[in-house]
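There's a structure below that I have some questions on.
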Amino acid sequence: QDRHHVHMNSTKWATLSDFVLYLGKAGKCVVDETERGWYVTYVERDPALLARREAHKRKVESEKAEEVKMAKRMEKQRAEAAAALDRAGGTVHVEASKIDRTDGDGPVTISIGAKAGGGSKKKKSGGRERMKSAFDDDDDGDNEEEAEEDKKV
């Protein structure tokens, strides 16, 4: 059996309605009386929970303040850039363009990679090509023939 069970007749309240009214007056609950009966909402007063809520509220407010600062900074930079452009005599023409897709609703694919022959320098030694190391000097003295061949090219 539940040893924490307490009967209503062993309390100072004669009825459950009196107990609910006491909870409302004491501020332990929010009590609403409607035509369907009493609605009781518990008010959380845990210090740790209140501290977490307050910290979250401060964090949200600081993030909003930071966003406002960033927006003001960006607007100031835009104004300075526009003024510098006006001083230089240039103009900016911004126009939205329509995206034409020929294949309908097909997936969009993006290929990221180095273009052939564009990015890296290659050394030729004999009949084969090898990648040049970023740490090698042009005249490192290891192979004089390669250095002379590089100078010719």
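We did not get these values from a lab; they are worked out from the coordinates using the rules stated. Because the structure is a prediction, the values reported are computed rather than measured. In this analysis, Cβ positions are derived from the backbone assuming ideal geometry, glycine residues included, and neighbour counts consider all displayed protein chains.
Mind listing the phi-derived Karplus ³J(HN,Hα) values for segment 36-53, rounded to whole Hz, using 6.51, -1.76 and 1.60 with θ = phi - 60°, and x for any glycine or proline?
8, x, 8, 10, 10, 10, 6, 9, 6, 10, 5, x, 5, 5, 4, 5, 5, 4
Across segment 15-28, in residue order, what do the Karplus-derived ³J(HN,Hα) couplings come to in whole Hz, using 6.51 cos²θ - 1.76 cosθ + 1.60 with θ = phi - 60° and x for Gly and Pro?
For segment 15-28, the Karplus-derived couplings read 10, 5, 4, 5, 5, 5, 5, 4, 4, x, 5, 7, x, 7 Hz, x marking Gly and Pro.
Calculate the spin-label point distance for K98 paired with D32, positioning each point 7 Å from the Cα along the beta-carbon direction, and give it in nanometres.
5.2
Quote the FRET efficiency, to the nearest 0.05, computed for M8 versus R58 with a Förster distance R0 of 30 Å and r equal to the Cβ-Cβ distance. Kindly include the intermediate steps, with their values, before the conclusion.
Working: r = 43 Å, r/R0 = 1.45.
For R0 = 30 Å, the calculated efficiency reads 0.10.
Once phi is turned into θ = phi - 60°, what whole-Hz ³J(HN,Hα) does the Karplus curve with 6.51, -1.76 and 1.60 give for every residue of segment 73-83, x standing for Gly and Pro?
4, 5, 5, 5, 5, 4, 5, 5, 5, 5, 5
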